[in-house]
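Enquirer: Pasting a structure here, questions to come.
No lab work stands behind these numbers, since they all come straight from the coordinates. Predicted, not measured: the structure shown is a model, and the values here were computed from it. In this analysis, Cβ positions are derived from the backbone assuming ideal geometry, glycine residues included, and neighbour counts consider all displayed protein chains.
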C-alpha cells in the first residue's frame with residue numbers, strides 16, 4: 001500500500017516536473033526589431049493562451065548553421081525552433097539537421113479555406129522550411145545629399161553612376177545580390193543574369209563593373225550597418241533589408257529615401273531542429289501552427305514592414321502598431337514597389353556560392 | 001629647482017615650436033573638414049604667423065597678448081563652425097597663447113638643470129609630449145562613448161543638435177531603456193548572479209593553489225603553475241570550444257553551474273599570479289612562530305597569513321570578477337539563452353541593432369570599473385602604510 005502510494009506520488013511529481021520543463025520553448029531569432037515583431041505578433045498571444053508556457057529567446061540566427069552543427073556533434077541540441085533565411089534552411093535540411101515536415105499536417109489552413117500548401121505556394125522552398133515573411137534587400141539614399149539640379153535616383157544603376165551621384169556607397173560584403181546588380185547595370189537582360197553569371201567571363205564582367213565603384217564602397221556585414229552609415233551621412237546610398245530602411249525613414253525620421261528598383265526578394269522562416277523528443281516536438285508543432293496562421297502573420301506586419309508569407313494574410317495587413325500609418329505601401333510586395341524585382345536564386349547560389357565567394361574575396365583583397 | 005634663469009628666446013624659435021603643434025592639430029581640423037594636407041600646412045602657417053607676431057611685438061604685454069589669442073581663436077572657431085568651433089577655439093586659443101609665451105620667455109628651461117644640452121631639453125619635452133599623446137590615444141575612445149550615450153537619436157552619431165549643445169539633442173532615454181527593458185535587466189541579473197560566485201570559487205581555489213605552490217617541497221611546481229595559468233595564455237576561443245564539447249558530454253553546457261565553473265577557471269590564473277606575488281614578501285618565520293605558540297595550521301592561516309596577503313587576494317579577486325563580468329566568448333559557447341550575460345547582450349545589440357543603449361551600458365560599466373580599480377588602489381596604499389608601520 002505504502003509502496004503504491006510512493007510510486008504514485010513519484011510519478012505524479014515526475015509528470016509535473018516533465019510538464020514544467022516541456023513548457024519552456026527556446027526560440028532562436030535575429031534580435032532587434034524583427035524579433036520584437038515576432039514577440040508581439042505571436043509569442044505574446046501564444047503565452048496568453050497557454051499561461052503555463054514560457055519562451056526564451058536566443059539571438060543566434062546569424063550563426064544558426066554553425067551552432068546547430070556543433071550542437072549536433074556534441075549530442076546536445078538545446079534549441080526548439082530556429083528562425084533562418086531560406087538558403088540556410090536548405091543547407092540545414094540537406095545536412096539532416098532540420099526536420100522535414102508535411103505542410104498539410106503541421107500548418108493551419110488559410111482563413112479563406114485554402115490549404116496550407118496552396119496558401120504558402122512556392123515559398124516552401126525546402127521540405128524543412130516553414131516560411132514566415134518575404135523581405136527584400138534594396139537601396140536607401142540620403143535625400144539631402146542628392147546633388148542640386150539632379151533628380152533623386154529611381155533606378156538601381158544609380159549605384160554605379162558616380163558622375164551623377166557622387167559619394168560613398170555601402171554594399172554587403174558578399175557576392176550575392178551585388179553581382180546581379182552589377183551585371184544588370186552592365187546591360188545584361190534581367191532573365192539572362194544567371195546564365196551569364198554561371199560563366200567565368202560573366203563573373204569577371206560583374207567584378208569589372210563593381211571595380212568601377214570599388215574605391216567608393218564601404219562594405220557591411222551586419223544589417224544595422226547601413227542604417228547607421230546613412231544616419232551619419234557617411235554614405236550617400238547603401239543596400240540593406242527593407243525593414244531596416246523603413247525604420248530609418250518612418251520611425252527614426254531620417255532624411256533617407258527608398259529605392260525599390262531591382263529589390264531582391266528573399267524569405268525568412270522557421271526550421272525545427274532534427275531529433276527533438278516527442279513531447280517537445282508536440283509543443284513546438286502546436287506553437288508553429290499558431291504562429292504561422294493567417295492572422296498572426298498579418299499581425300506581424302503591424303510591427304515591421306516585411307510581407308507575410310501567406311497569400312491569405314495580405315488583405316489583413318493593417319496599420320503600424322504605434323504610428324498608425326498604413327503598412328501596405330511600405331511592403332516590398334506592394335505592386336507600386338514591386339515593379340522591377342529579382343527573386344533570390346537559391347539553386348544558383350547553392351551551386352556556385354563557394355566558387356564565386358572565393359573569386360569575390362580575392363577581388364576584394366586586391 | 002629654479003636654478004636655471006629664464007632667458008628669452010628668439011621669436012622665430014617660439015613661433016616654430018608653436019607651428020609644429022599647429023600643424024599637428026591642423027591635421028585633425030583639416031581631416032574633419034575634408035583636406036588633411038591643407039589643415040597641416042594651414043595650421044602651421046597660421047600659428048607661426050600669430051606666434052611670431054605675438055613674440056615680436058607683444059613680448060612685454062604677455063597677459064593681454066594671451067587674451068588676444070583666446071578671443072581670436074574663439075571668434076575664428078565660431079565663424080568657422082558655430083558653437084562646437086567656439087569650444088575648440090577656446091581650448092586652442094588658451095593653449096597656443098600659453099605655448100608661445102612659455103617658449104618665448106625661456107620659462108621652459110627653469111625646470112631643468114642649467115647644464116642641460118639643447119638635445120636633453122628637446123628629449124625632456126618630446127618624452128612628455130609622446131607620453132601625453134599615448135594617454136590621449138588610450139582614453140579618447142572611452143571618453144567619446146560617454147556623451148554619445150546621452151544621444152536623443154537611435155544612432156551612434158553626434159547630431160548637429162548635440163554639437164551645438166542644444167538640450168533637445170540630449171536625452172536619458174537610452175539609460176531608461178537599459179533600466180526598463182527586460183532583456184537588459186535579465187542580462188544584468190545573470191551577470192550579477194554569475195560573476196560573484198565565479199569570483200568566490202576563483203579566489204578560493206587560486207589562493208589555495210598559490211599557497212601550495214609557494215611551498216618549496218612541492219614537486220613539479222613550475223609545470224603545475226604553467227597548467228594552472230594556461231587559461232590566460234591559450235586563446236579564449238580554443239578554451240571556449242573545448243569547454244563546449246566537454247561540458248556538453250557531462251551535461252553542464254547551458255547551465256548556470258557550467259558558466260560559473262568556466263568563469264572560475266578563467267579567473268583562477270589572475271588570483272594565482274597576484275597572490276604568488278604577495279607571498280614573495282611573506283616572512284615564513286611568522287607561521288613557524290604561530291605554530292610555536294600553539295596555533296594549528298588553520299588558525300595560523302586565518303589569523304597570520306591571510307591578513308598579510310589580503311591585498312593580493314583582493315586584487316586577484318577583482319580581476320577575476322572583471323574577467324567574468326566582461327567575458328563574452330566563453331559564455332557564448334558554454335551558456336545557453338537562459339544565461340545571457342551583459343556582455344552577451346551587448347554583443348547581440350551591437351551586431352543586430354546599433355543602439356546607443358549599448359553606450360549607456362558601457363558608460364555604467366566604465367564607472368563600475370573605475371570604482372573597482374579605485375578600491376584596489378586604496379587597499380594597496382593602505383597595506384603599504386601598514387607595512388611601513390610594521391617593525392620588520
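Enquirer: Return the average number of partner chain Cβ atoms within 10 angstrom of each residue Cβ along peptide A:69-76.
Expert: Mean inter-chain Cβ contacts per residue within 10 Å come to 4.
Enquirer: For segment A:24-97, state the semi-axes of the equivalent ellipsoid (square roots of 5 times the eigenvalues of the alpha-carbon gyration tensor), sorted largest first and rounded to whole angstrom.
Expert: 24, 15, 10
Enquirer: Within 10 Å of each Cβ in A:243-252, how many Cβ atoms from other chains are there, averaged over the peptide?
Expert: 1
Enquirer: Once every Cα of segment B:11-116 carries one equal point scatterer and solvent is ignored, give the base-10 log of I(q)/I(0) from the Debye formula at q = 0.11, 0.24 Å⁻¹, two decimals.
Expert: Once normalised to I(0) and log-transformed, intensities are -0.34, -1.26.
Enquirer: Quick check on chain B: take the gyration tensor over C-alpha atoms, sort the square-rooted eigenvalues as a ≥ b ≥ c, and tell me if it's rounded (a/c under 1.5), prolate or oblate.
Expert: Here chain B falls in the oblate category.
Enquirer: Let me ask you something else. Let me have the 222 nm mean residue ellipticity of chain B computed from DSSP H runs of 4+ only, each contributing -39500 (n - 2.57), with the sum over all residues rounded to the nearest 500.
Expert: Mean residue ellipticity, 222 nm, calculated: -25500 deg cm²/dmol.
Enquirer: If packing is taken as the mean number of other Cβ atoms within 10 Å per residue, what is the order of A:170-181, B:166-177, highest first?
Expert: A:170-181, B:166-177
Enquirer: Name the shape class, rounded, prolate or oblate, that the alpha-carbon gyration tensor gives for the protein assembly as shown, where a ≥ b ≥ c are the square roots of its eigenvalues, rounded holds for a/c under 1.5, and otherwise prolate holds if a/b is larger than b/c and oblate otherwise.
Expert: oblate
Enquirer: Using Cα pairs closer than 8 Å and at least 6 residues apart in sequence, work out the relative contact order for chain B, in percent.
Expert: That works out to 17 percent.
Enquirer: Return one number: the angle in degrees, 0 to 90 and rounded to the nearest 10, between the long axis of the Cα atoms of helix B:342-352 and the longest principal axis of the Cα atoms of chain B.
Expert: 50 degrees
Enquirer: How many percent of DSSP beta bridges within the protein assembly as shown run antiparallel, rounded to 5?
Expert: Here the share of antiparallel DSSP bridges comes out near 60 percent.
Enquirer: Only Cα pairs under 8 Å and at least 6 apart count here; give the relative contact order of segment B:227-349 as a rounded whole percent.
Expert: Answer for segment B:227-349 is 40 percent.
Enquirer: Right, next: Nearest 10 degrees is fine. How inclined is helix B:357-389 to the longest principal axis of chain B, computing both from alpha carbons?
Expert: 80 degrees
Enquirer: How far, in degrees from 0 to 90, does helix A:278-291 lean away from the longest principal axis of the Cα atoms of chain A, to the nearest 10?
Expert: Helix A:278-291 sits at roughly 50 degrees to that axis.
Enquirer: Mean separation of Cα pairs under 8 Å and 6+ residues apart, divided by the residue count of chain A: what relative contact order is that in percent?
Expert: This gives 24 percent for chain A.
Enquirer: Using a 10 Å cut-off on Cβ to Cβ distances, tally the other chain neighbours for every residue of B:350-358 and report the average as a whole number.
Expert: Whole-number average of other-chain Cβ neighbours for B:350-358 is 6.
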